[in-house]
Amino acid sequence: MKTAALTLGLLMSNAAMAIDVEHTATPITIDGVSESAWDQAKWQPMPFLMDGTLPDSDKDFKGRYKLLWDENYLYLQADIVDDVLIDTHPDPTDKYWDDDALEVFIDSDAAGGNHQFNHTAFAYHIGLDNQAADFGADKKPHLYTDHLISHWQRNSTAPYNITWEVAIKLYPNDFQEGVPNTPLKLTAKQVIGFMLAYCDNDGSKIREHFMGSHEVQPVNGSRNLGYIDASVFGKVTLLPKK
Ligand SMILES: [Ca+2]
Ligand SMILES: [Ca+2]
Ligand SMILES: [Ca+2]
Ligand SMILES: [Ca+2]
């Protein structure tokens, strides 16, 4: 009964955080510059600590994001404050979570479940070089950079936040490694499992702060569960075209 009550509580908190995503008639230009199409999307916060220590939100780390969609992409814009940008592992598949990275969690059918070594969901770790890594079925890291288009840059006016834009393709649960896969067409009313996080390192050996958009309930003391279990993601609903 206790487990059932906990599960119900988790489901309710996820449902309460469901986000509606507006359709964009104009494809977003992925250039690290916000355009007028973004004005219809609401900012969403990413205040939840998933690992490490809580950063000073004035300068160490602060993030928020917006979403839009069209039939080809889920579009993400993140507005990031990070005092030191770090990429000390030159191999993009080596300890990418210990370099600064924007981590986009996607479960195309919002079915949840364990996805650590399968592709029923993805945890795209987008590095500062705009390449995206996640584990494959062989339990090794692989690049999935062709699943998305990513570009970030500093804003041209103080306080010089980072605007990070990503266009993300969605794939079905039967995505296969090493063969051509056809991305899904996005449709109105589709519900997608989604969560966003930022891996922040400013010079330590390992990641200092891991901040996310959704509150993950700890299991055995760990909230760092998104890379394993898609059931901790939130849900977003694609609104009909206007
Ligand atoms: Ca843009
Ligand atoms: Ca920082
Ligand atoms: Ca799935
Ligand atoms: Ca950093």
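The values are calculated or read from the model by the stated rules, or taken from the named source; none is laboratory data. Please read these numbers as outputs of a predicted model, since none were measured by experiment. Ideal geometry is used to build each Cβ from the backbone, glycine not excepted, and the neighbour counts take in all protein chains shown.
Before moving on, here are some points about what is shown:
- Filter result for A133 (touching a Ser or Thr at 6+ places or on another chain (Cβ under 6 Å), more than 16 Å from ligand 2 (Cβ to nearest atom), small (G, A, S) and not in a loop (DSSP other than H, G, I, E, B)): yes
- Summed over the stretch 8-59, the residues that are surrounded by 14 or more Cβ atoms within 10 Å (Cβ to Cβ), among the polar types (S, T, N, Q), within 27 Å of Y227 (Cα to Cα) and at pLDDT 95 or above give a count of 1.
- Odd one out for A111 among (1) without any contact (Cβ under 8 Å) to a residue 12 or more places away in the chain; (2) part of a loop (DSSP other than H, G, I, E, B): (1)
- Some residue of the stretch 173-195 being under 28 Å from D82 (Cβ atoms), among the small types (G, A, S) and more than 16 Å from ligand 1 (Cβ to nearest atom): yes
- Candidate set from the stretch 114-123 (those that are part of a loop (DSSP other than H, G, I, E, B) and either surrounded by 24 or more Cβ atoms within 10 Å (Cβ to Cβ) or among the aromatic types (F, W, Y) (or both)); member that is farthest from ligand 4 (Cβ to nearest atom): F117
- Scanning the stretch 88-103 for residues that are within 20 Å of E165 (Cβ to Cβ) and either loosely packed, with under 15 Cβ neighbours inside 10 Å or more than 14 Å from ligand 4 (Cβ to nearest atom) (or both) turns up just one, P92.
- Every condition in (1) under 19 Å from I168 (Cα atoms); (2) away from ligand 3 (no atom under 16 Å from the Cβ) holds for S57 except the one numbered (1).
- Listed by position, the strands (runs of 3 or more DSSP E) enclosed by the stretch 156-223 that each have at least 1 residues that are touching a strand residue (DSSP E or B) at 6+ places or on another chain (Cβ under 8 Å) and away from ligand 2 (no atom under 16 Å from the Cβ) are 162-168, 191-200.
- Entry remark, the stretch 131-151: residues being within 12 Å of Q116 (Cβ to Cβ) and within 16 Å of the chain's Cα centre (by Cα) number 2 in total.
- Taking the stretch 58-104 as the range and being part of a loop (DSSP other than H, G, I, E, B) and of a type in the set (A, V, I, L, M) as the test, the residues that pass are V84, L85, I86.
- Among residues of the stretch 60-78, those that are within 13 Å of the chain's Cα centre (by Cα) and either within 16 Å of ligand 2 (Cβ to nearest atom) or among the aromatic types (F, W, Y) (or both), counted: 5
- Each residue in the stretch 114-134 was checked for being under 20 Å from D202 (Cα atoms), among the polar types (S, T, N, Q) and touching a residue at least 60 places away in the same chain (Cβ under 8 Å), and 0 pass.
- The set of residues in the stretch 88-119 that are of a type in the set (V, I, T) and more than 15 Å from the chain's Cα centre (by Cα) comprises T88, T93.
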